[in-house]
Every structure is written in C-alpha cells, then in structure tokens.
1. What residue, among those in region 486-514 that are closer than 20 Å to E324 by Cα and open to solvent by less than 10 Å² (accessible area, probe 1.4 Å), is nearest to ligand 2 (Cβ to nearest atom)?
2. Which pairs do you get when a residue that is of a type in the set (G, A, S), found in region 192-209, comes within reach of a residue that is open to solvent by 40 Å² or more (accessible area, probe 1.4 Å), reach meaning Cβ atoms under 6 angstrom, with the pair 6+ apart or on two chains?
3. Of everything in region 297-321, what is part of a loop (DSSP other than H, G, I, E, B) and either outside the structural domain of T402 (by TED's automatic domain parsing) or modelled with pLDDT of 95 or more (or both)? Give them in sequence order.
4. Any idea which residue in region 73-84 is most open to solvent (accessible area, probe 1.4 Å), counting only those that are of a type in the set (A, V, I, L, M) and farther than 16 Å from Q109 by Cβ?
5. Hey, among the residues in region 415-428 that are open to solvent by 30 Å² or more (accessible area, probe 1.4 Å) and either free of Cβ contacts under 8 Å to residues at least 40 places away in the same chain or closer than 17 Å to D393 by Cβ (or both), which one's farthest from ligand 2 (Cβ to nearest atom)?
6. Any residue at all in region 444-452 that is among the acidic types (D, E), closer than 19 Å to V477 by Cβ, buried (at least 20 other Cβ atoms within 10 Å of the Cβ) and at pLDDT 95 or above?
7. Here are some residues: A424, A378. Which one is more than 30 Å from I481 (Cβ to Cβ), of a type outside the set (V, I, T) and modelled with pLDDT of 95 or more?
8. Looking at (1) within 14 Å of ligand 1 (Cβ to nearest atom); (2) without any contact (Cβ under 8 Å) to a residue 40 or more places away in the chain; (3) of a type outside the set (D, E); (4) open to solvent by less than 20 Å² (accessible area, probe 1.4 Å), can you tell me which one L409 breaks?
Amino acid sequence: MQQINGMGISGGIATGRIFFYEKTGLYAERRTADDVHKETERFKEALNTAKDQIDILYERSLKEMGEKAAAVFEAHLMILEDAGLYELIVNTIINDRVCAEYAVYKSGQEYAQKLSGSGDEYFMARAEDMADITRRLLQNLKGKKDTKDLPYPVLIMSEEITASDTAGFDRDKILGFISHKGSAYSHAAIFSRNMNIPAMSGIKPDASLDGKVAVLDGYNGILTVDPDEAALKAAEERMKEENDKAAKLKAGIYDIRIKGSGRRIKLLANIGRAEEAVKALECGAEGIGLFRSEFLFMNRNSLPSEEEQFRAYKAAAETMSGKEVVIRTIDLGADKKAECIKFDEETDPALGYRALRICFDRPDIFKTQLRAIYRASAYGEVSVLFPMIVSADEFLKCRKYTEEVMEDLKREGIAFSDDLKLGAMIETPAAALISDELAGSADFFSIGSNDLTQYTLAADRNNDRLRGIYDPHHPAVLKLIEMSVNNAHSHGKLVCLCGELASDISFIRKAAEIGIDELSVSLSALLNVRSELNSL
Ligand code: PEP
Ligand code: MG
C-alpha cells in the first residue's frame, strides 16, 4: 500500500483501477512525407486497427447496453468504410506529400464540414462522430490507448486534465481524475464538480501505476495505491456515508429571507450539458443559473449547427419546465479551447481572444448561437447571459445582435419568447466599476467570482502555486461584488452569484447580507448549499 498526497479539487471518494492517459488531440502538425507509400501503409494499418476496435466495441455495447448504444459504433464503422473518406486521406498524403497524421486531421475536418453542411439531420449528427474517428485514427498512428476501449470505469491519471477532456470523456467510464497540474478554480475542476466526479491534482503521472487499484480521496487530496483490505473497507464506508447524507439532504427544504426585503435567496444550478438539468432538478435546484454552452463546441472539428444547439437548449428548458434557464453565450478561449475555432498562440490567453471577443469577431458563430437560444425560449423560461463584458458598449452591441436575430426569426415565422432577459456577467473589474451604467441596460447581473478574483488580484485561476494569493474573499473582490449588487438593486435588477464562491459554505451568510438574490452552484455542491441555507 502506498499513499501519495496531493490536493483535492473535486470532493468525493472513488475506488478503481488507474488508467494512465496520454491525450491525443484532434490536431496534427503538418510534416512532409519522405515516403508517401510508407505513410499510406501506416494510415491503412491505423484504419484496419480502428475497424477491429470498433467491431469489439459494437459487440460489447450491444451485449451490455443494447441496440441504441451500439448504433453509435455502427455509424463509426460506416464512416470508416466510406470510400470517399478513404480516398480523401490517401490523396492528401500523395498529392500534398504529407504524413498520415496530418492527412487524417485535415481530411477529417473537410469531411466533417461536408457532413454538417449537408442539411440532412442524420448526416449532420455524423459530423460529431468524425471527431471521435479522427482521434481514434490519430491514437492508432501514435500507438496510444483510448478510454473508450476500456471495458470498465477507471481513475484517469494524466499530467493535466483540461476542460475539453472532461467534456470529451465518456462519463460512464470515469470514476475520478488524478492530475499533476490543476487548481480548484480551473474549468476542469469546475466541470468535474458539475459531473460529480472526484478529482485531485499535484500528483505526477506515473506509467508504472497503470492498471493498479487505488482509492482517490477528492476531499483531502490523497491517493492510496494498492490499498489493503482495511483501506478499501474504509473507502466503501465513506462512500456509503456520502450517499446516505445526500439522500437525507435531498429531502430537506430551506427558506431564507434576505434581511429587510423579505425576499428568498433562490438556489440555482450550474450545468455544462443539457442532461445535467435532470440531476439539478433532483437535487432541488430552482432553475439553471448558468448553462456553460461552450461544452457543445468542444472535442469536435466542426461547429455545432443551429439545430444541434437548439435541441440542447430546448432540452434544458423543457426539463426545467417553466423554471429559469440562463444560457451563457460561448465563453471559449483561455483554458477552454475548441478545435472547431481557430486560436493563435497567445502570450496571455486569459487576457486574450476569449468569449465575446470571439463572438464579435465571428458574427456567424454568435448569431447562430443566439438564434438557437431564442428558438429554445419558446419552450421555457430562457434568458441569455453575456460573459467577459468590459464596457457598456459591448453590452449594447450584444443587445443589437439579439434584435437582429429576433427580426430574422419574426420574418421567418419562427416562434420565440419576446420577453427574454439579457444579463451581463460581472467578472472583470471593469464591469464591476461601471456596473451603475451596465445596470441601466442589462436585465440582470451574474457575478462570475472565479474570473473576477483572477483579474482583480492578477492571479491566474489555473495556477496552483498562487493558491495563497487567489482568494475570492479578498476585500477588493468583495468590494467589487457589493458595488455591483448595490448598483443593480438601485436599478431594480436582480443579481445572481454563479462563480465557485457561491458554493463556499463560509460565504453564504455574507452573500445574504450583501443582498445577492440568487446563488448558482455546481451539481456536487447543490445539496450542501441547500442544507446550509436551510440552517441559517
Ligand atoms: C466565473 O468566472 O466565475 C464564471 C462563473 O465563469 P467561468 O468559471 O466559466 O469562467
Ligand atoms: Mg468566467
């Protein structure tokens, strides 16, 4: 038995086998091929291996999960057997004289774009499969393993788990995350908490641990490798206790009045995928305070279509049946990259091409998303939230885009709600400092304390070494929050706190005193926050 100490970044206990994971992205460098024949043969071998792997996966999922689950692999096989894709890749190798990896990457992108532009719903959905297929072919070319090939769920061990990793893994195959890099405020940690997956960082990945049984304690950041009977039993008891506690908390209710006003603090949930809304409801969320829509854009090489986005937003709205659902427009960039959008190398990505900056640069992407959100508003209580606002003009520009979208939809006779609310995220010191002006034009505020802390204290939220500096309770951060709440209230607007500070039990009383109207928290924190609100 060996105990390794790190840092817990997503609470929970998990026991299972370690899977040493080396990420293969969807991107491959362009390398000139000295021998195109050899590259073609390498590709053919990778292709044949992929077909064999998928055959096995098809049979296994048919047996274990039924026809519907197996159909995914049937579709993958169909694409791999498509002569058009085969020719595209081989011709790229021969005509462009490039390595097999680059030909797979480039042809995969072209093929996905063709599928998503086909106008046919079935083929549009296949464009998503292309990302999986590209990754599998690249993995085979590089001789790496894929988590999708695992017959059982595992503890993923890697140098770094990125936000797009958490979005890309098959949730049913993940028991926990063990990484070297990563802080509790990174998006990967936040998404792990959203998915209720225990995670820890500060552990150097070690290939010799691959396949070993371990217990991950995401509360205390302890990894126990080769646990003895007693350690396994203790972990099991701990997991049972957690489940019992959750069941008890689920039954609780709360009712907290904000001092003087008689208003209740509403408890909402942060989600990244539409299906998480179901869990949110189960845990008593009164709405979705933050739908991080960027998940839909990750791990794929073509942009999600309006139809695909519409379906996701509509599903969340319908699940919540009349309860509010705040959909944030894409906040990609910094530690949330997507292969379907081009990002240049940047010296300071957190201060760079991100969120609305991408949207204003790519109105095609922005308007497609807004159309999908507005269409979904016909099916529930949907609002839009704009991230990374730094000026009042930016917010007005967003409003202008929504007006154009509404005019288009009206002309096309497509239904939408005409009282959809538009919110501004207060997550830059600039937004807090001009919150008086912003409150005049925004319908509500949502305070993103994660970024607000990072930008106020000049401390990278992803850098674990700055743990002592990155402090959401810092008086400067709290002053900016109070200022924003007061300005919003003096314009009669509501304020939600949707950063991780909202899940911080020690902050809840203060949140009530400041006058925060809504707390929106990750799924794993919902029950605890609810119980705390109940006990105040
Ligand atoms: C925040 O910055 O607090 C926030 C909620 O947004 P994200 O964590 O997605 O950047
Ligand atoms: Mg943010």
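1. Restricting to residues being closer than 20 Å to E324 by Cα and open to solvent by less than 10 Å² (accessible area, probe 1.4 Å), the top hit is G499.
2. Matching pairs, first to second residue: A207/F20.
3. The one that is part of a loop (DSSP other than H, G, I, E, B) and either outside the structural domain of T402 (by TED's automatic domain parsing) or modelled with pLDDT of 95 or more (or both): M320.
4. So the residue we want is M78.
5. Top of the filtered list is D418.
6. For region 444-452, residues among the acidic types (D, E), closer than 19 Å to V477 by Cβ, buried (at least 20 other Cβ atoms within 10 Å of the Cβ) and at pLDDT 95 or above: present.
7. A378
8. So L409 meets the others, but not (1).
The values are calculated or read from the model by the stated rules, or taken from the named source; none is laboratory data. These numbers were taken from a predicted model, which means no experiment stands behind them. Heads up, the Cβs are rebuilt from the backbone with ideal geometry, glycines too, and the neighbour counts pull from every protein chain shown. These accessible areas exclude ligands, DNA and RNA; they are computed on the full protein's heavy atoms, side chains included. Shrake-Rupley method; radii C 1.70, N 1.55, O 1.52, S 1.80 Å.
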